[in-house]
Amino acid sequence: MRIVSGRFKGTALTSVGKGDAGAHLRPTTDRVRESIFNLLVNGGYGDPITGARVLDLFAGTGALGLEALSRGAAFAQFVDDGTKAQRLIRDNISLLRVQSETKLYRRDARKLGPLEGAPFDLVFLDPPYGKAMGQKALSAALDGGWIAPEALIVWEENAPQPTPDGFEQYDMRKYGDTCVHILGLAEAP
């Protein structure tokens with residue numbers, strides 16, 4: 001697992017091998033991560049990365065948020081309640097020396113509570129597949145004010161997901177066994 005592009009291009013991140021089923025770690029492959037960022041940059045969304053405040057929910061290794069930092073995001077906040085994930089994220093933050101550009105919260109992404117501070121422009125969501133945790137985390141982020149009005153949300157799952165209330169789907173792509181949904185907040189009627 002490595003950073004695909006930007007200022008840390010080619011840097012190998014701390015590996016979990018093929019993943020850790022007990023810890024629910026299933027890292028996004030380099031190929032899928034590259035496809036996600038190509039979709040964000042070339043999908044007609046302007047430049048959603050440069051200067052963005054990034055929220056990485058169910059962060060695992062932190063690879064998605066760290067890739068965004070490498071590509072010009074201003075700040076990344078990682079949320080994961082797993083002990084192994086916390087260690088991996090801390091190791092990867094140290095490896096890239098981005099402590100001043102990051103924050104790590106040990107918290108269940110489905111129970112975020114209210115945000116203290118500015119909301120996030122780009123949200124990555126990579127929950128354990130097939131457990132309906134993504135819908136709950138998105139609802140918690142919306143209710144807690146974590147998502148900026150014009151934010152893009154990138155949600156990975158193993159199958160197409162219904163769009164939760166309060167959101168609209170812009171795109172959905174399938175990469176192997178991964179479905180990537182691009183969402184935004186629904187406009188108020």
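The values are calculated or read from the model by the stated rules, or taken from the named source; none is laboratory data. The structure displayed is predicted, hence computed values, not measured ones. No Cβ is skipped: glycine too gets one built from the backbone with ideal geometry, and neighbour counts run over all protein chains shown.
Worth pointing out:
- Selection from the stretch 52-65 of residues that are in contact with a strand residue (DSSP E or B) (Cβ under 7 Å, 6 or more places away or on another chain), surrounded by 24 or more Cβ atoms within 10 Å (Cβ to Cβ) and outside any loop (DSSP other than H, G, I, E, B): VAL54, LEU55, ASP56, LEU57, LEU64, GLY65
- Among (1) modelled with pLDDT under 90; (2) out of contact with any Phe, Trp or Tyr (no Cβ under 8 Å at 6 or more places or on another chain); (3) under 21 Å from CYS179 (Cα atoms); (4) outside any loop (DSSP other than H, G, I, E, B) - the single one GLY44 does not satisfy: (4)
- Test: residue in the stretch 113-123 that is among the hydrophobic types (A, V, I, L, M, F, W, C) and over 20 Å from GLN169 (Cα atoms): yes
- For the stretch 70-106, a residue qualifies if it is closer than 24 Å to PRO128 by Cβ, assigned to a helix (DSSP H, G or I) and of a type outside the set (S, T, N, Q), and the qualifying residues are LYS84, ALA85, ARG87, LEU88, ILE89, ARG90, ASP91, ILE93.
- Residue check, ALA109 part of a helix (DSSP H, G or I) and closer than 24 Å to LEU142 by Cβ: no
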